[in-house]
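Engineer: Sharing a structure, written as structure tokens. Questions coming.
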Amino acid sequence: MPTTSIRVADTPLLREILGRADDALVLGHRLSQWTGHAPMLEEELALANIALDLIGQARALYALAGEIEGLGHSEDDYAYLRDSRDFRNLLLVEQPNGDFAITIVRQVLYAAFIDPWWRETARRSTDSRLAAIAAKAEKESAYHLRHAAEWLIRLGDGTDESHRRAAAALEQLWPFVGEMFAPLDPSLAGLCADPASLHAEWDATVNEVLDQATLARPAEGWMQNGGRAGRHSEQFGHMIAEMQHLARSHPGATW
């Protein structure tokens, strides 16, 4: 018999921790979908390893959320027993993989943000548990950014077709970047990096990569938002249903 969903306490601290965990879990799941479909074996292994890094980050943050909430919820409970509207991930990370260019552009745009976020959080967080998670995650995100940036440069400065696809992917995903920089709740000052303070560094990183890739930065305009409030795309609902199917169909199963 399928399980019922859990209810999670709604506090600024839990929203922040779960939002970051959901970002990592959802993007990790998206990247895992390339297994058996990547353009070459070496890249399939690379994407799988990045996905494992992200899921490991999600697990650490979910475990921390369980400690903070104090209701006995496990990592699996947060991942598999929340309804789709209870997920707080950025809309950017849930976008479908599309072709390889879309996956790479999505990865560059996200990694260019989360790498300095982890670094600043490791340096400044007043919570030693979160600082320790961030210190480990930053080493991983630095590689994720370098790997994706190198690929985007190869695609953008490659053939006419690869350039066209990379440019199209950039235009398609650009409206989702604004949500990353929503200011931190004032009550969480000192706990983690304020996303709004990272915009200039993100701009510099992305501009440098795009310049090397011979890609034009899209014009600024209206930005999508809603992921942090639980408003997601139709594709996200399908992804979550697939991801949670086994755990909800066989509650309490172990293997």
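The values are calculated or read from the model by the stated rules, or taken from the named source; none is laboratory data. Predicted model, so just to flag it, every value in this text is computed and none were measured. Positions of Cβ are backbone-derived with ideal geometry, glycine not excepted, and every protein chain shown enters the neighbour counts. Keep in mind that these areas ignore ligands, DNA and RNA; they rest on the heavy atoms of the full protein, side chains included. Shrake-Rupley method; radii C 1.70, N 1.55, O 1.52, S 1.80 Å.
Engineer: If you count only protein heavy atoms with a 1.4 Å probe, what accessible area per residue comes out for the chain, rounded to a whole Å²?
Structural biologist: Each residue of the chain exposes 47 Å² on average to a 1.4 Å probe.
Engineer: I need the fraction of alpha carbon pairs in region 56-124 separated by more than 14 Å, rounded to a whole percent.
Structural biologist: On the way: 1676 of 2346 pairs.
Value for region 56-124: 71 percent of Cα pairs lie more than 14 Å apart.
Engineer: Starting from the Cα-Cα distance between Ala189 and Arg85, subtract it from 0.36 nm times their residue separation and give me the gain in nm to one decimal.
Structural biologist: Fully extending the segment from Ala189 to Arg85 adds 34.8 nm.
Engineer: While we're looking at this one, here's another question. Let me spell out the model: positive unit charges on the Cβ of Lys and Arg, negative unit charges on the Cβ of Asp and Glu, origin at the Cα centre of the chain. What dipole size does that give, in debye rounded to 20?
Structural biologist: For the chain, the charge dipole is close to 420 debye.
Engineer: Right, here's the next one. Under the 0.36 nm per residue contour assumption, what length would be gained going from the current alpha-carbon distance of His250 and His238 to full extension?
Structural biologist: Going from the current span to full extension adds 2.4 nm.
Engineer: Then there's this: On a full-extension model of 0.36 nm per residue, what is the gain between Ala131 and Glu43, subtracting their alpha-carbon distance, rounded to one decimal in nm?
Structural biologist: 28.6 nm
Engineer: Further question: Run the simple label-point estimate for Arg217 and Asn97 please: 7 Å along Cα→C-beta, distance reported in nm.
Structural biologist: Taking the simple label geometry, Arg217 and Asn97 are separated by 3.1 nm.
Engineer: Where does each of 220-228, 109-117, 58-66 land if you order them by average Cβ count within 10 Å, highest first?
Structural biologist: Top of the packing list down: 109-117, 58-66, 220-228.
Engineer: Okay, moving on. Add +1 for every Lys or Arg and -1 for every Asp or Glu among the other residues with Cβ under 15 Å from the Cβ of His37, and state the total.
Structural biologist: -3
Engineer: Please give the calculated 222 nm ellipticity per residue for the chain, where each DSSP H segment of at least 4 residues contributes -39500 (n - 2.57) and the sum is spread over every residue; nearest 500 deg cm²/dmol?
Structural biologist: -21000 deg cm²/dmol
Engineer: So, with a 1.4 angstrom probe, what is the percent of accessible area on region 119-244 that is carbon and sulfur?
Structural biologist: Answer for region 119-244 is 53 percent, counting heavy atoms of protein chains only.
Engineer: Return the tail of the calculated pair distribution for region 158-255, meaning the percent of Cα-Cα pairs more than 16 Å apart.
Structural biologist: 72 percent
Engineer: Where does the chain land on the Kirkwood hydrodynamic radius, alpha-carbon pairs, in angstrom?
Structural biologist: 18.7 Å
Engineer: Please give the per residue volume of the convex hull enclosing the alpha carbon atoms of region 162-216, rounded to a whole number of Å³.
Structural biologist: Per residue, the Cα convex hull of region 162-216 comes to 79 Å³.
Engineer: Something else: Pick from Ala169, Ala193, Ala204: which residue has the top mean-square fluctuation in a GNM of the chain where Cα pairs under 10 Å get a spring?
Structural biologist: Result for the chain, Cα springs under 10 Å: Ala204 fluctuates most.
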